[in-house]
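A quick write-up on the structure given underneath.
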Amino acid sequence: MDKNEILEQQKIKAAKLKEKRELEERVVRTKIRKGGWEGFRLYIYGVFENVYGRAFEEYWYHELIIRVLWNVIVGKEKRVIIELAPRFAKTELTVRQFISYVQGIMDFVKNQYFTYGAELTEDTSVDVKTIMKSEYYKDLFPKKKFSEDQNKK
């Protein structure tokens with residue numbers, strides 16, 4: 001094989017790889033939009049990668065929280081209390097990720113978040129809106145629009 005044939009084969013392989021990656025990304029976006037606890041989990045991974053710029057480090061209890069939160073969405077759970085030590089991603093999963101995801105797939109759902117301090121509530125609210133105004137979120141849920149009165153803390 002000469003140099004040109006090798007280069008042409010590499011271009012073909014690169015094009016196939018790009019096509020495969022694009023297909024995989026479309027499948028993931030479809031699963032996220034479809035819902036289910038798996039879609040919610042993929043959404044979390046996507047937010048971490050595309051909005052936060054880092055990887056989500058999942059532990060066994062994260063899947064449990066994700067499944068319980070999905071059961072809330074579908075009505076299997078009416079009341080849930082999640083008790084974990086600080087820094088175990090309770091606020092991240094139950095507020096930032098859960099609220100933004102639910103708003104993307106079920107626009108009619110209203111969410112309320114309460115905490116011990118007004119500053120924490122406001123900061124978390126801003127974090128949720130940051131996710132929802134990201135390019136990643138807009139690509140996933142292009143029909144989601146904000147009205148000006150929603151842009152308050």
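Before moving on, here are some points about what is shown:
- Considered as a group, the residues in the stretch 100-114 that are under 22 Å from Val51 (Cβ atoms) and modelled with pLDDT under 80 include one that is surrounded by the most Cβ atoms within 10 Å (Cβ to Cβ), and that residue is Tyr113.
- Whenever a residue of the stretch 49-66 is open to solvent by 100 Å² or more (accessible area, probe 1.4 Å), its partners that are modelled with pLDDT of 95 or more, lying with C-beta atoms within less than 7 angstrom and at least six residues away or across chains, give the pairs Glu49/Ala55; Arg54/Phe48.
- Of the set (1) within 27 Å of Glu24 (Cα to Cα); (2) more than 13 Å from the chain's Cα centre (by Cα); (3) open to solvent by 40 Å² or more (accessible area, probe 1.4 Å); (4) at pLDDT 90 or above, all apply to Lys143 but (4).
- Options Leu7, Leu42, Leu23: the member that is surrounded by 13 or more Cβ atoms within 10 Å (Cβ to Cβ), assigned to a helix (DSSP H, G or I) and without any contact (Cβ under 8 Å) to a residue 40 or more places away in the chain: Leu42
- The listed residue being assigned to a helix (DSSP H, G or I) and under 20 Å from Val126 (Cα atoms), out of Val109, Val51, Val72: Val51
- Where Thr130 falls short, out of the listed (1) modelled with pLDDT under 95; (2) assigned to a loop (DSSP other than H, G, I, E, B); (3) surrounded by 14 or more Cβ atoms within 10 Å (Cβ to Cβ): (2)
- Among the residues here, Arg87 qualifies as of a type in the set (D, E, K, R), in a loop (DSSP other than H, G, I, E, B) and either within 22 Å of Phe141 (Cβ to Cβ) or open to solvent by 80 Å² or more (accessible area, probe 1.4 Å) (or both).
The values are calculated or read from the model by the stated rules, or taken from the named source; none is laboratory data. All figures in this text were calculated on a predicted structure; none of them were measured in a lab. So basically every Cβ, Gly included, is an ideal-geometry build from the backbone, and we count neighbours across all protein chains shown. Each accessible area value is taken on the protein alone, full model and side chains, heavy atoms only, with ligands, DNA and RNA left out. Shrake-Rupley method; radii C 1.70, N 1.55, O 1.52, S 1.80 Å.
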